[in-house]
């Protein structure tokens, strides 16, 4: 292979790589412009979602969560339509992700949490879909820590 062919291949590879990067960036800005991505937090650092009885922005009493296992939107006019949740008990294994239709944890997830009411559990909520006046929007993931 001569030098000119090598140079052309190198240029093509660079264009190929940068073109994919440009396409990804363009898709990201299209999502933001369309309003289908909602920022994870506002200027005060609050998540777009919270559990009904959250003690603060990122903590929730486990006993209360078992009684009312509902995720709510903090954005006006939006309701949680579905999400995925995983649990990481202190000194334990990760359980999940569990896909949830609607805004409330299922019976299996609540029963799982009941077994850990005396210890901290990290709760990872992701793939959060919100129904905002009939439009499906996606909120950024949120992490909660339970309070025993």
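The values are calculated or read from the model by the stated rules, or taken from the named source; none is laboratory data. Being a predicted model, the structure only gives us computed values, none of them experimental. Heads up, the Cβs are rebuilt from the backbone with ideal geometry, glycines too, and the neighbour counts pull from every protein chain shown.
For region 116-128, name all the residues that are closer than 17 Å to residue 49 by Cα and surrounded by fewer than 18 Cβ atoms within 10 Å (Cβ to Cβ). Of everything in region 116-128, those that are closer than 17 Å to residue 49 by Cα and surrounded by fewer than 18 Cβ atoms within 10 Å (Cβ to Cβ) turn out to be 122, 124, 126, 127. Quick check on residue 72: is it at pLDDT below 90, assigned by TED's automatic domain parsing to the domain that holds residue 47, under 16 Å from residue 47 (Cα atoms) and over 13 Å from the mean Cα position of the chain (by Cα)? No: the conditions fail for residue 72.
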